[in-house]
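The values are calculated or read from the model by the stated rules, or taken from the named source; none is laboratory data. Please read all numbers here as calculations on a predicted model, not as lab measurements. Methodologically, a virtual Cβ is constructed for each residue, glycine included, from the backbone with ideal geometry; neighbour enumeration extends over all protein chains shown.
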Amino acid sequence: MNFFEDLQLVYKRAFNETINNIKKNPIILIVPLIYSIIYTFAFAFMGTLLAPVGMLMGFLMPVMTSLILSSYYSMLSDLIYYNRLSFRNLKNTFQNYFASIYSVYFILILISWLMPVLMATPGVGLLFSLILALALNPIAESIYIQGEYYTEAYKSSFNFMKENFILWLIPFAIYLLILFLLGFDFRQILLSSSIIDIPLGQNLVTGIYLGDIFNIYNLKVLIAMIATAIYAVFRGNLYKILYGSTRRKRAYMGEL
């Protein structure tokens, strides 16, 4: 089986599973939007509340981020593995992946401290951010699908990308193109060190205007977040198919 046959089979299966997930759980299409709004307004609130105490801000922001992402990842995990979404135990979802996310986020914080030094040399900081965004792109899935944490999540993501670089990045490129066509600056995703929240849409809801929810910008945000939801589910299914597998193994064992 050549590369293009494998690509077609892998994407077909991931696409079919994604459609099945969304058909049975259509609410997933607005789940990233809901969590992104919570994420954005929580940041704004905490920023205002803790502005006088900058040191506390630096400590509590990663904690809050990890709690919100933990709940969101729990939703995605239930959808990918069990094809269901449940809000009955919502309060427990905030701790399911908290430790794993925080351990990974802690390393990202250390990396962010290096960025001013790297940015001092023209082009180096940008190149480093781009390499980080591509080489560790599936780190979210390594947490909520594989259960990895701390440095193991980084190793797992890097090894996954070595084997599946092209298969993984084609959908990512399509997603970035959609954001570009909607008028968003997709460079903030490529050049941000916060790769852990790519499936959430990162900062797409920043600037949302609640005074007139039907203004053109808000409609673009809604479309972008629905695209993010579809992409998040697709990449979750794609990761599940590709992890621990190879093209030769898929062809030999008839996995697809």
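The table below lists the values:
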quantity: Residue list for the range 213-233, filter: more than 22 Å from the chain's Cα centre (by Cα) and either of a type in the set (Lys, Arg) or part of a loop (DSSP other than H, G, I, E, B) (or both); calculated: 213, 214, 215
quantity: Evaluation of residue 49 against (1) at pLDDT below 80; (2) aliphatic (A, V, I, L, M); (3) surrounded by fewer than 12 Cβ atoms within 10 Å (Cβ to Cβ) (one fails), failing number; calculated: (3)
quantity: Helices (runs of 4 or more DSSP H) contained in the range 104-203 and holding at least 2 residues among the polar types (S, T, N, Q) and at pLDDT 90 or above; calculated: 150-181
quantity: Check on residue 93, in a helix (DSSP H, G or I) and either of a type in the set (S, T, N, Q) or at pLDDT 90 or above (or both); calculated: yes
quantity: Some residue of the range 130-147 being surrounded by fewer than 12 Cβ atoms within 10 Å (Cβ to Cβ), within 17 Å of the chain's Cα centre (by Cα), of a type outside the set (Gly, Ala, Ser) and under 25 Å from residue 247 (Cβ atoms); calculated: yes
